[in-house]
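Before any comments, here is the structure.
Just so you know, all these numbers are worked out from the coordinates, no wet-lab data involved. For clarity, every value in this text was computed on a predicted model and none was experimentally measured. As a convention, Cβ positions derive from the backbone with ideal geometry for all residues, glycine included, and neighbour counts pool all protein chains shown.
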Amino acid sequence: MKIAKTVFLVALVAAGMACGYSKPATTPPTAGTTPTITELAPSSMTHGMPKFVLTVNGTRFSGNATIYWNGTAETTTAVAPGTQLMTTIPATDIATAGTAAVTVTNPGTPGGPYGGGTSAETSAPMTFTIN
């Protein structure tokens with residue numbers, strides 16, 4: 001009886017392996033919507049000034065888009081759906097003369113159990129001048 005059980009178990013495992021079970025195929029994320037910056041307001045500040053509110057105008061901003069100042073994510077508020085974002089730039093970021101690259105990133109959306117969704121997309125940078 002013990003041999004019969006062992007043979008049955010081996011046969012069951014072999015049959016399961018012969019079925020060719022594999023993970024379901026996954027779909028890679030598709031490209032998300034790329035935002036575009038058309039204007040920074042203000043577009044420049046004098047170094048040494050106090051913190052200020054930066055308004056970023058453009059197109060295709062998602063409701064949870066993020067403004068990046070020289071690669072650092074800033075706390076962002078969507079003002080006008082899809083076209084206007086605002087953030088406060090601290091005084092330490094304009095303490096010395098130079099420039100800052102401002103970008104906007106639309107986050108990706110998650111896919112389901114088999115992948116999909118969209119990837120995060122970032123705008124081309126716009127230059128902010130610190131006089």
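Annotations
- ³J(HN,Hα), Karplus 6.51/-1.76/1.60, whole Hz, each residue of region 80-89, x for Gly, Pro: 10, x, x, 10, 8, 10, 9, 8, 9, 9
- Note on region 43-59 and region 68-131: Cα centroid distance 13 Å, given to the nearest whole angstrom.
- Evaluating 6.51 cos²θ - 1.76 cosθ + 1.60 at θ = phi - 60° for every residue in region 94-101, the Karplus couplings come out as 10, 5, 10, 5, x, 9, 9, 8 Hz, glycine and proline recorded as x.
- Here the label points at residue 53 and residue 88, each 7 Å from Cα along the C-beta direction, are separated by 1.1 nm in the simple model.
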